[in-house]
Amino acid sequence: MTSGVQAYIDPILEEIDQTYASEQKRIAEFQTKSVLHEGIHNYLKVTCKRDGLWVDTYEPFDWDHRRPDVDIPGFTEGVTLQQVQDEWMPILREKVEALFKSDEFSSMFFSYRLDFHLEVVLENKASHFTFSLLNEDKRLHLLASIEQFVEHKLNPASKAIPKEEDDFFLVRHLLDPHLYPIDAQRVNELLNRMDAKVKVSRKREEAWRHQLSRGLVHWAEDEFLAKYADREKNYGLEYTVKSDILPSDIPAPAMEMFLLTAMRVGSTDADARQNYLEIAAQLGSNQAAQWLKNGSGRIPASYTSERVTCKANDILQTLEVQIRSEEEESYREALVYLCDILRKGFTREYGMKFKSKVKNYLPVPKLAKSALHRFFANALEYPSLHPLLAEYAENVMEEFKWYNDVEPGEKSVMPGTYVVMGLGLKETEYFSLVNRYMKLVDSEHQSVQDGYAAVFAEEHGLTPDTIPVWTRILLAGNDSAKPLKSAGIESVEQAKTLVDVLEKLEDYKQEVLVYRIWGGAKKLRNSLKQAAPEVKELLEKFIP
């Protein structure tokens, strides 16, 4: 090494050593939590500019414009790209390869693969130099661990449940092109097995779906889209297909995996699914173009009469309804079509585009004034449609499922919500449907039902027939639900009915009802000071 080259290389080598020494100290205390975690570091980047250099052990964000960690004024003056290629890179490769193979680092320090990147900025233009290192023994050991995991933890006949710590690594390993050839069918089969395994609880399912989505998006962006499309500067989902890419340039297995990714990611992010499918169609996928236009073909894609037009896309999970004639029969035809496609596999978690001159909404606070809400509120105005609406609700209600009519958040509701709440306000014969809904609703993640009890009581009054339903509604409230503004329990008959309900409940549910109705035991005691003696005698037993 000439002294001139050494003046550039030495600061780089020193900074790499210092960075790895710091990381080694941190990783020495690291506890392995997953059998699939074979090592931490698989990336190393050195950036050199005129005013200094810095080292990254994780891929920096595109918008990272921080100052160099090591200030060296005039660092790259007089450097040429040829010099970097011919003189810098051999020395850097020798150094990094020695570190990668060194026994001084723990087994958890390096992954089986290390990608090195050198970025040199000369005259405000960045040039990149790269190489990759592979520890084949470690790769084979990881493959054996994955296969053993699949055999024991993902075997449908086994009672073993993978740990949450396994989720991150499993998804990324299955999609790692350096471990496995791309095979969408195999990946999907294993993901389906994992889906079945995590159904032990809502929390476990959510944890898995979160890591699955992250891993799939990571693959889509870094392995697929990076090759075939350019990302817009807003860093959102906007991509432009590269002008020099031909459909024949894209291997069929890669496109099949991208389509699977679109469908999987779409279960929690409808915008991403549509965006990915549109990109796939632009890249020449006839399958994506067909899905975008007509759906899968497994359901009737449309229904048209002189009164109404309906279009459904089961891939995009969308339903369009246009009412041409505002009459009962129009809504009947739309509902019959909707029930038919649901029986044939259309998702419960759909969104709607709705055209109608009428705008009815249910008088329930917090309910989103979405197109789907308006469609059902309009249909509820026709009493003879109520049996058909009830049939629809019975078929779509499902715990932990959500309509896709609003952005995910506090206004998201379980399928069937608008119909059930509407029927519960319209007719007493649907009280059993309201009860079933309130038992199913995910009160941890949905809160729109919190305001329904007051509206229900105002519509029907509190009687021996309504109080059991009213209390069921109150018990289905979210943890953040506030007490009612007025308890409404004033007569002996009302108190007796409420007591009958309370005495059948566990203590903690009794406490919930006392809080929702009166604001807690203390406020119940205060309210009983003004109550009739018989009412007081009946209710004071619920004051600790």
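Based on Cα atoms of segment 26-183, Rg over Rh with Rh as the Kirkwood radius reads 1.07. If you wrap the tightest convex hull around every Cα atom of segment 282-331 and split its volume per residue, you get 82 Å³. Between the residues Leu142, Leu342, Ala160, the greatest Cα displacement towards the positive end of the dipole of the chain, with unit charges on the Cβ of Lys, Arg, Asp and Glu, is found for Leu342. The trypsin sites (Lys or Arg not before Pro) of segment 476-544 that DSSP puts in a loop, and whose beta carbon has at most 14 other beta carbons within 10 Å, are Lys485, Lys504, Lys529.
Below 8 Å between Cα atoms, with a sequence gap of 6+, how large is the relative contact order for the chain in percent?
Numbers: 716 pairs, mean separation 33.7, N = 544.
Dividing the mean separation by the residue count of the chain yields 6 percent.
Candidates Pro73, Phe100, Cys48 compared by Cα position along the dipole of segment 1-159: farthest toward the positive end lies Phe100, with charges placed on Cβ. Both radii were evaluated on the Cα set of segment 138-293; the Rg over Rh quotient, with Rh as the Kirkwood radius, amounts to 0.99.
Quick one: what do you get for the chain if you divide its Cα Rg by 2.2 N^0.38 Å?
On the way: Rg = 31.1 Å, N = 544, 2.2 N^0.38 = 24.1 Å.
So the Cα radius of gyration is 1.29 times the expected 2.2 N^0.38 Å.
Measuring between alpha carbons in the structure, the pairs from Lys426/Lys509; Lys496/Lys523; Lys482/Lys523; Lys366/Lys426; Lys344/Lys411; Lys138/Lys199 lying more than 21 angstrom apart are Lys426/Lys509; Lys344/Lys411; Lys138/Lys199. Around the amide H of Phe131, modelled in the peptide plane, lie the amide H atoms of Phe116, all under 5 Å away and 5 or more residues distant in sequence or on another chain. Rounded to the nearest 20, the Cβ-based charge dipole of the chain about its Cα centre (Lys and Arg +1, Asp and Glu -1) stands at 1880 debye.
Quick one: helix 202-219 against the long Cα principal axis of the chain, what's the angle to the nearest 10°, folded into 0 to 90? It works out to around 40 degrees. Seen from Ser158, the other residues with C-beta closer than 11 Å to its C-beta sum to a net charge of +3, counting Lys and Arg as +1 and Asp and Glu as -1.
Here the translational diffusion coefficient of segment 255-369 follows from Stokes-Einstein with Rh set to the Kirkwood radius across Cα pairs; for 37 °C and 0.692 mPa s it amounts to 212 µm²/s. Once the Cα atoms are used to define both axes, helix 417-426 deviates from the longest principal axis of the chain by about 10 degrees.
Check each of the trypsin sites (Lys or Arg not before Pro) in segment 25-131 and keep only those in coil by DSSP with at most 16 other C-beta atoms within 10 angstrom; list them in order.
On the way: sites: Lys25, Arg26, Lys33, Lys45, Lys49, Arg50, Arg66, Arg93, Lys95, Lys101, Arg113, Lys125; in loops: Lys33, Arg50, Arg66.
Counting only loop positions with at most 16 other Cβ atoms within 10 Å, the trypsin sites (Lys or Arg not before Pro) in segment 25-131 are Lys33, Arg50, Arg66.
How high is the FRET efficiency from Ser267 to Lys522, r the C-beta distance, R0 30 Å, rounded to 0.05? Write out the running numbers ahead of the final one.
Values: r = 46 Å, r/R0 = 1.53.
That gives a FRET efficiency of 0.05.
The charge dipole of segment 1-153, taken about its Cα centre with unit charges on the Cβ atoms of Lys, Arg (+1), Asp and Glu (-1) only, comes to about 320 debye. Evaluated on segment 302-482, the Kirkwood hydrodynamic radius is 16.5 Å, with distances taken between all distinct Cα atoms.
Select from segment 21-103 those GluC sites (Glu not before Pro) which occupy a DSSP coil region and have at most 15 other Cβ atoms within 10 Å, ordered by residue number. Walk me through the intermediate numbers first.
Details: sites: Glu23, Glu29, Glu38, Glu77, Glu87, Glu94, Glu97; in loops: Glu29, Glu38, Glu77.
Filter output for segment 21-103: Glu29, Glu77.
Farthest towards the positive end of the charge dipole of the chain, among the residues Pro483, Gly416, Leu36, is the Cα of Pro483, using unit charges on the Cβ of Lys, Arg, Asp and Glu. The Cα atoms of segment 458-544 give a gyration tensor whose axes a ≥ b ≥ c have a/c under 1.5, which makes the shape rounded. The region of the chain that goes longest without hitting one of the chymotrypsin sites (Phe, Trp or Tyr not before Pro) in a DSSP loop, each with at most 16 other Cβ atoms within 10 Å, is 64-234.
Read-outs: derived from the displayed coordinates by stated rules, not from any lab. Computed from a prediction, not measured in an experiment: that's the story for all the values here. Ideal geometry is used to build each Cβ from the backbone, glycine not excepted, and the neighbour counts take in all protein chains shown.
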